[in-house]
Structures are given as structure tokens and as C-alpha cells.
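The values are calculated or read from the model by the stated rules, or taken from the named source; none is laboratory data. Keep in mind it's a predicted model, so treat the numbers as computed, not measured. When we count neighbours, we look across all protein chains shown, and the Cβ atoms used for this are built from the backbone with ideal geometry, even at glycine. SASA here: full protein model, heavy atoms, side chains in, ligands and nucleic acids out. Shrake-Rupley method; radii C 1.70, N 1.55, O 1.52, S 1.80 Å.
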Amino acid sequence: MARCNCIATSAAPSHVTQMKEEGLSDAAIEAFKYTFGKLTSGESLFVPESSISAVTELPAYEALSAEDPALLTSTVMLKLNGGLGTGMGLEKAKSLLPLKDGATFLDFIARQVLHMRSVFGVDLAFMLMNSFSTSADTLEALSKYDTLAAAGLSLEFLQNKAPKVTKSDLTPASWPTNPALEWCPPGHGDLYPALVGSGTLDTLLAKGFKYMFVSNSDNLGATMDVKLLTWFAGSGAPFAMEVAARTDADKKGGHLARGKNGGLLLRELAQCPDEDADAFQDVTKHKFFNTNNLWVNLEALKATFEKFGGLMPLPVISNGKTVDPRDKASTKVLQLETAMGSAIECFEGAQAILIPRSRFAPVKTTADLLALASDAYEITSDARMVLKAERAGVPPTVKLDDSFKFVDKMAAMVPNGPPSLIKCKKITVEGKVAF
């Protein structure tokens, strides 16, 4: 894997023309040119075990005590909300799923923001990065919170899209029966060119914002935290990643490591050579995983883009797919993606901090959803959803077979709501079952 000091920006003119005709920004085009250049450069996209060393110690959240709420006036809270949850059979934003008492992820997030404003007397800035697929439904759902947009900011900016690349000859993928399938999301590393290309970064800087907290909308544990903000501002770091302790359940998730230059980096499973798979999954060696809760100094982000000539040179992940995901006989393509956490290697002096597991509770499957909606969790006065004290910090283990992987099938399984899981250690559901 090439590091950030090696930039390749060549891309076939046909891809660039396609993106320009689609109206994509210069920043989005430069990002694709970079990823395509890496694909065609002949360089390995892998990060072998021999090129990294393990991170053994980090500062921990429990050691933090200082709180400076005044920093909230120069901070924006951003939620990534571009996902449709297609893996769960959804056709709308996953954040529109109801969790408890009819409240959705978006309801919880909005209530958390409004609660913080009330408690601290600060007009905390809040934004979403939506996709073309989630924007309209999301804005409609949030219209009942008429004060949510604040500080003269738009409530959203949109993520970009990238051409799928035909695997056989690297030309833009063609699918005339549904041209929308010729495009793919470029991974959440698109956060950075989307911030720049939409003009959002310049707007935030012009309004005096200095810090941004970024997290996924399906992770209700990732609330704005004044202790973490105070630590980040005081550290002077340009970028920081919240990490959690890896367990066997996390062994396939991206882990933190150090490169040969001593700087921090993120290695995803798709970047690991097959022969290093055992080392990648050794949670006693690589102890920390990325929660996708990130802190960014906006001035440093602007400077980094300028340093690298208008792009963020993130490590590239090439995912093999078919142009129509539902038609395995359709043209084989490559989707070029980047991860936003991998930007940690592009900022000199970037840091990481070990956080409690309560700040990482994403919903990736219907099993996660069932657990979160059950009585094992409760809603706090500040609109967080947390494990009840009786659970002693350990969530129930829920396993559902593939017949329940879609939300509608799971809902039919529990027509009167989830079973009680408050005293459940593990539940496995197989076959035709209804509670």
C-alpha cells in the first residue's frame, strides 16, 4: 500500500467525462482520478503485516476530566446518513427505522442535539451528509424539528458518487437497462471531497468553526461529548480517532497500527494479504478497532487538501462486484472505495483515544436492531439509548438465521414487539418462528 507521500492521479478521460457530465465537483473528480490511478499504477493495495507494528498503549477516556463547554460554539456535529440499509432489505435511509416508542434513529439524534443546546446554552451546529437516495426522506422526517438547522448552516450536504469500473478492461461500466447502477458510493472516505466540493468546508471556516465531530447515524452511542472535545482541542492534534478494545466479535473490523514512519494508520480486512489473515485477526496483538467516531480540525483539513494538490490521498480499497448486485451473471466490476478513518495517516500528529464500548453501538443487522429495541436497553433523559444497569455493560448476544435478515421478516417474527431480553445472555432463532 502506498503511503500518502505518493500521489498518482491519472484516470481514463472517459471516466472524467462521465463524471463531468453528471455534474460532479472538481474535488470528487480528483478523488476518483487518484483512486483510479492507484488501481492502474501496479502498486499493491495491500498493507502486509511486515510493514506495520502494533499499537500497545493509548490515552483512555476514563482519564479525562476537563470540560470546556465554550468549545461547542466553534464545533459542528456531523452525522453520516447516506446509507439505505439495503443489506436489511430497506429502500429508505436506515436512520428512518423505528427503534422504541416509534422513535427513529433520526428522532434520537435530533433530540440529543436539542438537549445539548438546552443544557449548555449553546446553539450547537448540526449537519448531515446525505446521499441522493436519503436526502428527501431525511429532510421530510426532520421537518418537525424546525430549529434543528442552526448557525445559518444548511442541514445537509450530499455525498458524491463514482463510476463503477469494468473489471475486464477498466472502462466505465455500462448498464443501459438501469443507468443508475453504473454508479457506486465511493466509501465514507468521500466525506472529505464532499465537504470541499460542496463548499461546506469553506462555509464552516468562514463562520468561525474550528472542530468537527463525525459519526455514523446508525450509532446512537456516538453523542457529542464535551470531555472528548476538550481533550481534542487541548491536544492540538489535527485529527483524532475514537477506538475501542477489540474482542473476537471485532476481529474482522479495521484495526489501528503504526506505519514504518511511526505514524498511526488504519488497516481494513480488504487491505490484508491472505497470508497475514491470522495476524490481522489476532486481537491480543492488534488491540484497537476504529469506531468511525472521528474528530477533525477543519483548518488542518483545509491545509491538508492544499498540501496534496486538492485531494486527500487515502488508501484505496478495490471491491469486486457485479454491475447489477441482484444479477450475479451481469458484468463484473470494481468499486473503488476509501475509508474516512484511514485519513489518520494523512495528518502529521494525528492521535487516537480508547473509549468505552458504550460509544459504539451500531446497527448493522436485524439482530442488532432486535437487541436495541428490546427491554435490555433504555432511553436516558438526554435521549441516549443505553444498556440497563442490570446488564452490567454486556449486551445480549442475538443470532438470527438468514430468513430474518430483512426488517420486514424480523418484524413478522415479533408482531407484538421484541421478547424480553433483559435477563438473556444469548438467543438464537432458526426456522419459522414467531414470538
Write out, first by first residue and then by second, each pair whose Cβ atoms fall under 9 Å of each other, whose residues are 6+ apart or on separate chains, and whose first residue, in segment 162-174, is β-branched (Val, Ile, Thr) while the second is open to solvent by 60 Å² or more (accessible area, probe 1.4 Å) and part of a strand (DSSP E or B). Thr166/Lys332
Please find, among Asp375, Asp368, the residue that is open to solvent by 40 Å² or more (accessible area, probe 1.4 Å), more than 30 Å from Lys260 (Cβ to Cβ), touching a strand residue (DSSP E or B) at 6+ places or on another chain (Cβ under 9 Å) and among the acidic types (Asp, Glu). Asp368
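Considering only residues that are hydroxyl-bearing (Ser, Thr, Tyr) and open to solvent by 60 Å² or more (accessible area, probe 1.4 Å), which ones fall in segment 175-197? Can you show your working first?
Narrowing segment 175-197 to residues hydroxyl-bearing (Ser, Thr, Tyr): 177, 192.
Thr177 - this is the single residue of segment 175-197 that is hydroxyl-bearing (Ser, Thr, Tyr) and open to solvent by 60 Å² or more (accessible area, probe 1.4 Å).
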Out of the residues in segment 283-302 that are touching a strand residue (DSSP E or B) at 6+ places or on another chain (Cβ under 9 Å) and either among the basic types (Lys, Arg) or open to solvent by 40 Å² or more (accessible area, probe 1.4 Å) (or both), state the one that is farthest from Gly253 (Cα to Cα). Lys285
Do we have Lys94 as buried (at least 22 other Cβ atoms within 10 Å of the Cβ), closer than 26 Å to Asp368 by Cβ and among the charged types (D, E, K, R) here? yes
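Across segment 118-130, what is the number of residues that are in contact with a Leu (Cβ under 7 Å, 6 or more places away or on another chain) and either more than 19 Å from Ser154 (Cβ to Cβ) or free of Cβ contacts under 8 Å to residues at least 12 places away in the same chain (or both)? So that I can check it myself, show each step before the final result.
Of segment 118-130, the ones in contact with a Leu (Cβ under 7 Å, 6 or more places away or on another chain) are 120, 122, 124-130.
Now drop any that are not either more than 19 Å from Ser154 (Cβ to Cβ) or free of Cβ contacts under 8 Å to residues at least 12 places away in the same chain (or both), which leaves 120, 122.
Of the residues in segment 118-130, 2 are in contact with a Leu (Cβ under 7 Å, 6 or more places away or on another chain) and either more than 19 Å from Ser154 (Cβ to Cβ) or free of Cβ contacts under 8 Å to residues at least 12 places away in the same chain (or both).
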Please tell me if Gly221 is at positive phi and out of contact with any His (no Cβ under 8 Å at 6 or more places or on another chain). no
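For every residue, the table says whether it meets (1) modelled with pLDDT under 95; (2) assigned to a strand (DSSP E or B); (3) under 21 Å from the mean Cα position of the chain (by Cα).
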{"residue": "Lys285", "(1), (2), (3)": "no, no, no"}
{"residue": "Trp295", "(1), (2), (3)": "no, yes, yes"}
{"residue": "Ala303", "(1), (2), (3)": "no, no, no"}
{"residue": "Asp368", "(1), (2), (3)": "yes, no, yes"}
Test: Val386 is open to solvent by 10 Å² or more (accessible area, probe 1.4 Å), in contact with a strand residue (DSSP E or B) (Cβ under 7 Å, 6 or more places away or on another chain), at pLDDT below 90 and of a type in the set (Val, Ile, Thr): yes
Residue that is farthest from Val394 (Cα to Cα), among those in segment 235-253 that are surrounded by fewer than 23 Cβ atoms within 10 Å (Cβ to Cβ) and small (Gly, Ala, Ser): Gly236
Which one is most open to solvent (accessible area, probe 1.4 Å) among residues in segment 149-174 that are within 19 Å of Asn319 (Cα to Cα) and hydroxyl-bearing (Ser, Thr, Tyr)? Ser168
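Would you pick out the residues in segment 34-48 that are touching a helix residue (DSSP H, G or I) at 6+ places or on another chain (Cβ under 7 Å) and surrounded by fewer than 19 Cβ atoms within 10 Å (Cβ to Cβ)? Step through it out loud before you land on a result.
Just the residues of segment 34-48 that are touching a helix residue (DSSP H, G or I) at 6+ places or on another chain (Cβ under 7 Å), to begin with: 36, 45-48.
Scanning segment 34-48 gives Leu45, Phe46, Pro48.
Could you pull out every one of the helices (runs of 4 or more DSSP H) wholly within segment 179-253 that has 1 or more residues that are under 18 Å from the mean Cα position of the chain (by Cα)? Show your work before the answer.
Numbers: elements: 191-197, 200-206, 226-235.
By residue number, 191-197.
Return yes or no: is Ser318 in contact with a strand residue (DSSP E or B) (Cβ under 7 Å, 6 or more places away or on another chain), modelled with pLDDT under 95, open to solvent by 40 Å² or more (accessible area, probe 1.4 Å) and not in a strand (DSSP E or B)?
Numbers: in contact with a strand residue (DSSP E or B) (Cβ under 7 Å, 6 or more places away or on another chain): yes; modelled with pLDDT under 95: yes; open to solvent by 40 Å² or more (accessible area, probe 1.4 Å): yes; not in a strand (DSSP E or B): no.
The answer is no for Ser318.
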Residue under question is Arg246, and the condition is that it be among the charged types (D, E, K, R), within 27 Å of Pro356 (Cβ to Cβ) and without any contact (Cβ under 8 Å) to a residue 60 or more places away in the chain; does it hold? yes
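Provide a single number: the residues in segment 267-282 that are open to solvent by less than 40 Å² (accessible area, probe 1.4 Å) and over 16 Å from Thr35 (Cβ atoms).
Taking segment 267-282 first, the residues open to solvent by less than 40 Å² (accessible area, probe 1.4 Å) are 267, 271-273, 276-277, 279-280.
Checking the rest, the ones that are also over 16 Å from Thr35 (Cβ atoms) come to 267, 272-273, 276-277, 279-280.
Looking only at that region, the number is 7.
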What do you reckon, is Leu80 open to solvent by less than 40 Å² (accessible area, probe 1.4 Å), part of a loop (DSSP other than H, G, I, E, B) and more than 17 Å from Ala150 (Cα to Cα)? no
Segment 415-435 - residue that is at pLDDT 95 or above and β-branched (Val, Ile, Thr) and, of those, nearest to Thr104 (Cα to Cα): Ile422
With respect to the numbered conditions (1) more than 24 Å from the chain's Cα centre (by Cα); (2) open to solvent by less than 30 Å² (accessible area, probe 1.4 Å), which one is the sole condition not fulfilled by Ser381? (2)
